[in-house]
Amino acid sequence: METISLIVPCYNEQESIQLFFETVEKVFHQMNAETKQYQPDYLFINDGSSDDTIKIIRELHKAHPDNVHFISFSRNFGKEAAMAAGLRNAKGDYVALMDVDLQDPPELLPEMLHIINTEPYDCVGCIQTSRKQNPIRAFLSASFYKVIDSLSDVKIKPNVRDYRLMTRRYVQAVNELTEYNRFSKGIFSWVGFQTKYIKYQGRERAAGETHWSMFQLFEYSIEGIVDFSDAPLRIATFVGGFSCFLAMIGILIVVVRALFFGDAVAGWPSLVSIILLMGGIQLFCLGIVGKYIGKIYLEAKHRPQYIIEEQE
Ligand code: UDP
Ligand code: MG
């Protein structure tokens, strides 16, 4: 019998946990009746919830001490940290990452297990087709994938969920990346191995509501680009160099004009605009450089990604 570790990050999810557990149990019962025997091993990560999430998880652990385990953070460290903690502590032969809100359908698990068992893949990921989304959000998300695809060496498929099933050696490879700034979609792509993607129809949350505001998603995309690409730095150098070149030509023209045609005190508005433009470009480039320095600063401190308060 093989065990499947299910890593489930939970942040204020008191309504969803029980439902999630029952649904997944049902899927495993059905699967075990039909095919090979698999044993689910739940690993809930309580990401500093302020509601009764941890209470519900503790009760679940008490009722099923053998295959329900949990890690509880001392505060909210974010889903990336929760996934990292889960991947480091999962012991199963296979490891799956799942959201607790049932937006990652557990019914796909049998198919994913079948693929990873019979075909030469180390990871099975999920791509979500149409999900009812606000059009601005959908547009921004599509643009993000385009930008990261052209700027970065790692390839990230659009609309890939964090929902994935991985082999032991794949998880080991992921765990070897110990960076503080984690952008897991990039990390999963960076480690390589063969990944198969299956598609499914997106769906609404079973209960509760999403924790991501549009601004947070935007920030997350910037992180993703900065973590996996140095293209912005190169663009900054190029833009800076190009405007220096233009400025030199401008100076030359002004000097030549002054020598041959005399100088009139005209054109100061254009001068001011050029100064402003230059200042703007400099600040822009400084900002990009600063973003990377900020990352280096955080990495250099070697802080842990999360603090565990309780673990069973
Ligand atoms: N989550 C978490 N920490 C956070 C925010 C979210 O562990 O700071 C968990 C959350 O409980 C859920 C999963 O990450 O299981 C996905 O969150 P959500 O459903 O809000 O995101 P969406 O599905 O809208 O992308
Ligand atoms: Mg969700």
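The values are calculated or read from the model by the stated rules, or taken from the named source; none is laboratory data. Computed from a prediction, not measured in an experiment: that's the story for all the values here. Don't worry about glycine lacking a Cβ; one is built from the backbone with ideal geometry, like all the others, and counts go over all protein chains shown. What goes into the accessible areas is simple: the full protein's heavy atoms, side chains included, and nothing from ligands, DNA or RNA. Shrake-Rupley method; radii C 1.70, N 1.55, O 1.52, S 1.80 Å.
For the reader, a short list of remarks on this structure follows.
- Qualifying residue in region 183-196 (condition: in a strand (DSSP E or B) and open to solvent by less than 80 Å² (accessible area, probe 1.4 Å)): yes
- Count of region 195-220 residues, restricted to those that are charged (D, E, K, R) and within 13 Å of ligand 2 (Cβ to nearest atom), is 4.
- Qualifying residue in region 222-244 (condition: farther than 30 Å from Glu111 by Cβ, within 16 Å of ligand 1 (Cβ to nearest atom) and at pLDDT 80 or above): yes
- Residue in region 53-60 that is within 16 Å of ligand 2 (Cβ to nearest atom) and surrounded by 15 or more Cβ atoms within 10 Å (Cβ to Cβ) present: yes
- Residue in region 231-251 that is away from ligand 2 (no atom under 16 Å from the Cβ), surrounded by 14 or more Cβ atoms within 10 Å (Cβ to Cβ) and in contact (Cβ under 8 Å) with a residue 60 or more places away in the chain present: yes
- The set of residues from region 41-87 being assigned to a loop (DSSP other than H, G, I, E, B), at negative phi and within 15 Å of ligand 1 (Cβ to nearest atom) comprises Asp47, Ser49, Ser50, Asp51, Asp52, Ser74, Arg75, Asn76, Phe77.
- If you go through region 88-103 and keep only what is away from ligand 2 (no atom under 16 Å from the Cβ) and in a loop (DSSP other than H, G, I, E, B), you end up with Ala90, Lys91, Gly92, Asp93.
- Residue within region 104-120 that is within 16 Å of ligand 2 (Cβ to nearest atom), in contact (Cβ under 8 Å) with a residue 12 or more places away in the chain, of a type in the set (A, V, I, L, M) and closer than 19 Å to Tyr200 by Cα present: yes
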